[in-house]
Amino acid sequence: MGKYACMLTGPAGAGKSTLAAALITHAQASGRNVHLFNLDPAAERFEFAPSIDIKELISLEDVMTEMELGPNGGLVYCFEYLMDNLDWLSEQLSEYNDDYLIIDCPGQIELYTHTSLLSRFINTLSTSFNYRVMACYLLESNFIDDVNKYFAGTLSAMSSMVNLEVPMINVLSKVDLLKKGEAGSSRHLIARAGRTGKDLERFLDPDPTLILSEANSHNPKFYNLNKAIVQLIEDFSLINFHPLDLTSEDSVGDLLSHIDNCMQYGEDEEPKEPKDMDMGDFAEAEE
Ligand SMILES: Nc1nc2c(ncn2[C@@H]2O[C@H](COP(=O)(O)OP(=O)(O)O)[C@@H](O)[C@H]2O)c(=O)[nH]1
Ligand SMILES: [Mg+2]
């Protein structure tokens with residue numbers, strides 16, 4: 001089997017660490033070997049003890065005190081330090097050779113959009129350590145409350161896609177907060193602030209005309225800007241959002257299958273020869 005890494009990215013509070021724990025619980029329940037890699041040098045509490053933890057190499061708190069840096073400068077320092085200490089990374093990864101890593105990333109948006117630090121890390125994982133890497137970009141469901149916020153969130157997701165250069169699934173997290181009715185399909189989701197299930201669907205798979213008319217009714221002064229942004233979202237046809245409801249096991253399983261698909265997980269596994277099969281089952285059936 002190959003090596004797989006799913007990076008959980010997105011702004012602070014989007015639900016990355018909570019999702020990491022949910023994905024690992026779900027995968028382990030079906031007997032899969034999945035490990036948590038904490039890449040946030042400021043992380044404090046974990047639902048799961050990480051198998052690999054950047055804090056064992058360097059912590060943001062120490063850097064801020066010793067180097068007299070603020071949180072953003074400190075984070076840049078931590079990532080540069082990590083990239084200068086690839087021996088440490090190599091040693092950590094060598095313990096999980098045939099495994100599947102869920103990598104919980106920091107929430108500073110600059111990391112995805114302004115700097116090349118995370119893309120350098122991803123590049124190292126794939127070229128030096130032969131991992132298949134993909135990323136999920138999480139955006140909270142309240143981003144669809146307001147079309148201006150939705151534009152900002154969508155543009156940040158697009159910018160991360162371009163910057164990180166890996167297959168990416170955009171996730172609309174905390175959809176349970178919008179929900180009224182049964183769990184599961186987005187058709188059953190009714191947004192607060194008067195949004196209907198149909199409304200949600202046009203934000204998940206952006207419907208340019210409807211979003212433009214809503215933007216123009218809020219901000220008619222910016223008609224041309226709204227039109228240009230909607231055109232950009234439309235032209236960049238890869239943008240859509242996968243709704244995630246952590247209160248539904250099916251929703252977590254569905255996202256995990258999308259992630260697996262994205263990395264073609266298991267495709268290079270050798271097909272099972274008949275002699276590998278447990279013939280005991282057949283013997284029992286014949287009795
Ligand atoms: N209602 C709801 N709350 C969530 C969900 N996911 C995370 N949260 C809460 O949102 C807050 C931030 O979550 P966290 O996973 O730490 O976000 P991170 O900063 O992206 O790692 C925490 O208080 C979580 O309990 C969700 O799916 N639904
Ligand atoms: Mg977190």
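The values are calculated or read from the model by the stated rules, or taken from the named source; none is laboratory data. All of these numbers come straight from a predicted model, not from anything done at the bench. Methodologically, a virtual Cβ is constructed for each residue, glycine included, from the backbone with ideal geometry; neighbour enumeration extends over all protein chains shown. Each accessible area value is taken on the protein alone, full model and side chains, heavy atoms only, with ligands, DNA and RNA left out. Shrake-Rupley method; radii C 1.70, N 1.55, O 1.52, S 1.80 Å.
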Which condition from (1) in contact with a helix residue (DSSP H, G or I) (Cβ under 9 Å, 6 or more places away or on another chain); (2) farther than 22 Å from residue 166 by Cα; (3) within 13 Å of ligand 2 (Cβ to nearest atom) is the one that residue 74 breaks?
(3)
Confirm whether residue 76 is surrounded by 16 or more Cβ atoms within 10 Å (Cβ to Cβ), under 22 Å from residue 120 (Cα atoms) and at pLDDT below 95.
yes
On the given criteria, is residue 71 on the phi < 0 side of the Ramachandran plot and either surrounded by 16 or more Cβ atoms within 10 Å (Cβ to Cβ) or of a type in the set (A, V, I, L, M) (or both)?
no
Looking only at residues that are in a loop (DSSP other than H, G, I, E, B) and open to solvent by less than 40 Å² (accessible area, probe 1.4 Å) in region 186-211, which one is modelled with the highest pLDDT?
206
Residue that is modelled with the highest pLDDT, among those in region 227-239 that are of a type outside the set (Val, Ile, Thr) and open to solvent by less than 70 Å² (accessible area, probe 1.4 Å):
228
For region 212-264, how many residues meet the condition of being within 26 Å of residue 176 (Cα to Cα), in a helix (DSSP H, G or I) and not β-branched (Val, Ile, Thr)?
14
Scan region 79-117 for residues that are open to solvent by 50 Å² or more (accessible area, probe 1.4 Å) and within 16 Å of ligand 1 (Cβ to nearest atom) and jot them down.
109, 110
Write out, first by first residue and then by second, each pair whose Cβ atoms fall under 8 Å of each other, whose residues are 6+ apart or on separate chains, and whose first residue, in region 239-265, is polar (S, T, N, Q) while the second is open to solvent by 60 Å² or more (accessible area, probe 1.4 Å).
240/205; 264/132
Does region 139-156 contain at least one residue that is at pLDDT 95 or above and out of contact with any Phe, Trp or Tyr (no Cβ under 9 Å at 6 or more places or on another chain)?
no
Which of the residues spanning region 1-33 are assigned to a loop (DSSP other than H, G, I, E, B) and within 16 Å of ligand 1 (Cβ to nearest atom)?
10, 11, 12, 13, 14, 15
Within region 34-60, track down each residue that is open to solvent by 20 Å² or more (accessible area, probe 1.4 Å), part of a loop (DSSP other than H, G, I, E, B) and either within 20 Å of residue 126 (Cβ to Cβ) or within 13 Å of ligand 2 (Cβ to nearest atom) (or both).
40, 42, 44, 45, 46, 47, 48, 50, 51
